[in-house]
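A quick write-up on the structure given underneath.
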């Protein structure tokens, strides 16, 4: 009879341990879900307060159009500090770009305008070149006027 009692106690202990573990797991999952739902709203509120600080959802590439060595990398670092998701850097097809310009690749002109605004680029320097072949939102082509931009 004492053996039956010990077996029953160990079964109860095991079941209680499993229930406790599942309870902790459920609690962690609920916290993760709750924070995931709130996070986009927090980012959107921050973007409205300061348009220069935008959410990480705008993906862009930075291209060197002026021929200055390392300029695309320097702007990439600065744009990432502002919260932009720079996914690619490289050289433009030529190095005689005088005025920096922004290209909207996804058709969402507001994303391109936000990038331009963060750098102090006029809306006149934002163009639309929508293509389904592009996986990113915006292309920034840096010209010889890079010293006059907010991010140099």
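The values are calculated or read from the model by the stated rules, or taken from the named source; none is laboratory data. Remember, predicted model here, so these are calculated numbers, not experimental data. Because the Cβ atoms are built from the backbone with ideal geometry, glycine has one as well, and the counts that use them run over all protein chains shown.
Quick notes
- Evaluation of residue 68 against the conditions (1) over 11 Å from residue 139 (Cβ atoms); (2) assigned to a helix (DSSP H, G or I) shows that the sole unmet condition is (2).
- Count - residues of segment 109-124 that are more than 17 Å from residue 58 (Cβ to Cβ) and not in a loop (DSSP other than H, G, I, E, B): 1
- Filtering segment 111-122 to residues that are surrounded by fewer than 17 Cβ atoms within 10 Å (Cβ to Cβ) and either in contact (Cβ under 8 Å) with a residue 24 or more places away in the chain or touching a strand residue (DSSP E or B) at 6+ places or on another chain (Cβ under 9 Å) (or both) leaves only 120.
- Condition check for residue 140: touching a helix residue (DSSP H, G or I) at 6+ places or on another chain (Cβ under 8 Å), part of a loop (DSSP other than H, G, I, E, B) and within 18 Å of residue 58 (Cβ to Cβ): no
Table: residues versus (1) on the phi > 0 side of the Ramachandran plot; (2) surrounded by 13 or more Cβ atoms within 10 Å (Cβ to Cβ); (3) assigned to a helix (DSSP H, G or I).
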{"site": "78", "(1), (2), (3)": "no, yes, yes"}
{"site": "88", "(1), (2), (3)": "no, yes, no"}
{"site": "103", "(1), (2), (3)": "no, yes, no"}
{"site": "132", "(1), (2), (3)": "no, no, no"}
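- Residue 64 being in contact with a strand residue (DSSP E or B) (Cβ under 6 Å, 6 or more places away or on another chain) and either over 20 Å from residue 132 (Cβ atoms) or not assigned by TED's automatic domain parsing to the domain that holds residue 136 (or both): yes
- Qualifying residue in segment 33-53 (condition: at pLDDT 90 or above and on the phi < 0 side of the Ramachandran plot): no
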